[in-house]
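Below is one structure, written out as structure tokens; comments come after it.
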Ligand SMILES: C[S@@+](CC[C@H](N)C(=O)[O-])C[C@H]1O[C@@H](n2cnc3c(N)ncnc32)[C@H](O)[C@@H]1O
């Protein structure tokens with residue numbers, strides 16, 4: 001089992017190299033999901049639905065706490081057990097304790113309906129764990145429609161479902177967002193050379209170091225740029 005989990009697809013998302021322009025998004029997301037899975041240990045076993053699952057990169061984090069881990073995707077996806085959009089999930093009401101929806105909401109047609117569906121399929125006492133972009137370059141999968149502020153994302157969750165608690169947190173701060181955006185274009189410019197990785201590594205290191213030094217850079221305040229947002233919505 002341990003070998004199978006070590007070889008599970010998506011290692012570059014669970015443990016992204018700092019030489020990747022999207023390091024800050026994937027690194028923070030992996031740390032957050034690891035912590036969420038650890039919190040579930042006292043409530044195990046739980047039923048997990050991974051919406052917009054892609055290669056199910058985070059299954060290894062939840063393997064030890066889940067009795068069932070089902071993937072659903074809108075496109076033909078050999079890793080997914082079910083096919084359908086987040087706006088019309090092909091599962092029963094209240095049938096999962098944990099509903100993951102990572103880096104999907106920016107790609108869906110109707111985020112309000114998506115939130116209603118995420119809520120519908122979550123069991124009493126269960127939780128939705130969602131993440132999506134504050135700022136990011138255009139990246140269709142298969143389309144790319146939306147970006148959020150922390151306030152806008154909270155509003156979509158609050159206005160479309162009842163939650164017993166709801167938190168929307170910045171995954172990283174302004175310096176990291178600027179490093180990510182600059183790193184994206186450095187990587188594009190230097191892609192055909194052996195020189196793209198060191199500058200992206202330096203940018204990511206610098207962004208993280210600057211954010212760590214300043215609450216004003218870390219928090220969503222007027223003037224901030226937040227690369228990604230993490231939502232915990234408890235039913
Ligand atoms: C950026 S990938 C994220 C994959 C995975 N959740 C992760 O965090 O690595 C976006 C995924 O969402 C799926 N997707 C896009 N629009 C969707 C929709 N309306 N409903 C369900 N899945 C969707 C895509 O097919 C793709 O697998």
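Read-outs throughout are calculated quantities, based only on the coordinates presented, and are distinct from any laboratory measurement. Treat the numbers as computed from the prediction; the structure is a model and nothing was measured. Cβ atoms come from the backbone with ideal geometry, glycine included; neighbour counts cover every protein chain shown.
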Legend entry - Degrees separating the helix 197-213 axis from the principal Cα axis of the chain, which is the longest one: 70
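With a 10 Å radius around each residue's Cβ, average the other Cβ atoms per peptide and rank 141-148, 118-125, highest first. Can you show the working numbers first?
Working: 141-148: 13.9, 118-125: 18.0.
Ranked by mean Cβ neighbours within 10 Å, highest first: 118-125, 141-148.
Please arrange 195, 157 by how many other C-beta atoms lie within 10 Å of their C-beta, fewest to most. Spell out each step's value before the answer.
Working: 195 11, 157 21.
Ascending number of Cβ neighbours within 10 Å: 195, 157.
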Legend entry - Kirkwood Rh in Å, taken over the chain so that all alpha-carbon pairs contribute: 18.3
Inset, instruction - Along Cα→Cβ, 7 Å out, is where each label goes; now give me the distance between the ones at residue 160 and residue 42 in nm to one decimal. - result: 3.1
Inset, instruction - Rounded to the nearest 10 degrees, what's the angle between the helix 174-190 long axis and the longest principal axis of the chain, both from Cα atoms, 0 to 90? - result: 70
Legend entry - 15 Å tail of the calculated P(r), region 114-157, as % of Cα pairs: 53
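Taking 8 Å as the Cα distance limit and 6 or more residues as the minimum spacing, I'd like the relative contact order of the chain as a percentage. Before the final figure, lay out each step's value.
On the way: 477 pairs, mean separation 49.5, N = 235.
This gives 21 percent for the chain.
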Inset, instruction - Report the dimensions of region 1-51 along its three principal axes from the alpha-carbon atoms, largest first, rounded to Å. - result: 36, 23, 20
Legend entry - Cα long-axis angle, helix 111-120 against the chain (0 to 90 degrees, to the nearest 10): 40
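So in the chain, what percent of DSSP beta bridges are antiparallel if you round to the nearest 5?
Once the DSSP bridges in the chain are tallied, antiparallel ones form about 45 percent.
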Legend entry - Centre separation in Å (Cα based) which lies between region 150-200 and region 52-76: 22
Legend entry - More than 15 Å apart - percent of Cα-Cα pairs taken over region 128-178: 54
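Work out, step by step, the length gained on full extension between residue 206 and residue 147: first 0.36 nm times the residue separation, then minus their alpha carbon distance; give nm to one decimal.
Values: separation 59, 0.36 × 59 = 21.24 nm, distance 2.45 nm.
Length gained, residue 206 through residue 147: 18.8 nm.
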Inset, instruction - Could you tell me what fraction of 2.2 N^0.38 Å the Cα radius of gyration of region 154-213 comes to, as a two-decimal ratio? - result: 1.64
Inset, instruction - Return the distance in nm (one decimal) between the two label points of a simple spin-label model at residue 76 and residue 18, each offset 7 Å from Cα along Cα→Cβ. - result: 4.2
Legend entry - Convex hull (Cα only) mean projected area of region 31-82, reported in nm² to one decimal: 3.4
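If each residue's Cβ is checked for other Cβ atoms within 10 Å, how do 66, 165, 131 rank with the fewest at the top?
Final ranking by Cβ density, sparse to dense: 165, 66, 131.
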Inset, instruction - Bin all alpha-carbon pair distances of region 48-167 at 5 Å intervals from 0 and give each bin's fraction as a whole percent. - result: 2, 11, 23, 25, 21, 13, 4, 0
Legend entry - Cα-derived Rg to Rh of region 102-235, Kirkwood definition: 1.04
Inset, instruction - Please give, to one decimal in nm, the separation of the simple spin-label points placed at residue 123 and residue 83, each 7 Å out from Cα toward the Cβ. - result: 2.9
Inset, instruction - Note down the relative contact order for region 6-107 as a percent, whole number, built from C-alpha pairs under 8 angstrom at least six residues apart. - result: 26
Inset, instruction - Give the residues of region 63-84 whose amide nitrogen is closer than 20 Å to a point set 7 Å from the Cα of residue 7 in the direction of its Cβ. - result: 63-64, 78-80
Legend entry - Candidates 216, 42, 132: whichever shows maximal mean-square fluctuation once the chain is modelled as a Gaussian network with Cα springs under 10 Å: 42
